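Notes follow the structure.
The values are calculated or read from the model by the stated rules, or taken from the named source; none is laboratory data. None of the values given here were measured: they were computed from a predicted structure. Methodologically, a virtual Cβ is constructed for each residue, glycine included, from the backbone with ideal geometry; neighbour enumeration extends over all protein chains shown.
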């Protein structure tokens, strides 16, 4: 058996959505009445009646979340509207990792409902991005591709890039990091991180639904499967692809809300730029256009 990574599992996870609006939030009773009739709304109503789902309403000028808006990903028009709003309505969900993703979905439903009621825009502070359709319906089926995960590219060493995920920590998972990515392989790296996120999310969810201990043990050496990549999009596998062996190591995360990350690297001593070019790129499948049409990038 190869090396095993021991990852501490948090007792609780936090998800926050910020609605930037010019109008204040309705009271909790009215908010509960505004929710849809079924589906996730039942979970949302129960949580709103508990201390596990809170709605705060503060003037934007006094909001402690203003600095976070400067680092958000999203369209310029959307970001400008977020930053110029007069009020910040903040939906905070506190959940046991085993209760995810349902409680995060219910919290986002509340955020969408508030945005529709106030004409506001929604920022997902865990994924560090805006919602592509802030007042649209909240899907009952959970898919990571539905705005739950951000992947951010920043300059790295020399002529390479670094990629970091944002949003996994709310499910009790570490964020993922990839480094020394050639500029021409940025899409490959984003696809690998998304597929790996889907793989680890599924494994962690299966583990936490049993009788989990305080530590999650994960093998350091694994192979990313084509099915993992298509699993991120929630579609059946289509087209060529082969397993991509890689190695994981614990590292620090760039995430402002968590400390632990997992860095993916080539197995053995192969230089990372060469691995991205010669090994990862040919192995990673590209989902068909029908899988990604209408999804967020």
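Summary table
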item	result
Residues located in the stretch 7-30, provided they are under 12 Å from residue 91 (Cα atoms) and touching a helix residue (DSSP H, G or I) at 6+ places or on another chain (Cβ under 7 Å)	14, 15, 17, 19, 20, 25, 28
Evaluation of residue 77 against (1) in a helix (DSSP H, G or I); (2) in contact (Cβ under 8 Å) with a residue 12 or more places away in the chain (one fails), failing number	(2)
Selection status of residue 140, within 17 Å of the chain's Cα centre (by Cα) and at pLDDT 95 or above	no
Output for the stretch 235-244, where each listed residue is at pLDDT 90 or above and buried (at least 16 other Cβ atoms within 10 Å of the Cβ)	244
Number of positions in the stretch 172-182 that are more than 18 Å from residue 249 (Cβ to Cβ) and at pLDDT 95 or above	1
Output for the stretch 265-286, where each listed residue is assigned to a loop (DSSP other than H, G, I, E, B) and in contact with a strand residue (DSSP E or B) (Cβ under 7 Å, 6 or more places away or on another chain)	266, 267, 284
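Let's see how each residue does on (1) surrounded by fewer than 19 Cβ atoms within 10 Å (Cβ to Cβ); (2) touching a residue at least 40 places away in the same chain (Cβ under 8 Å):
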position: 58; (1), (2): yes, no
position: 87; (1), (2): no, yes
position: 112; (1), (2): no, no
position: 119; (1), (2): yes, yes
position: 128; (1), (2): no, yes
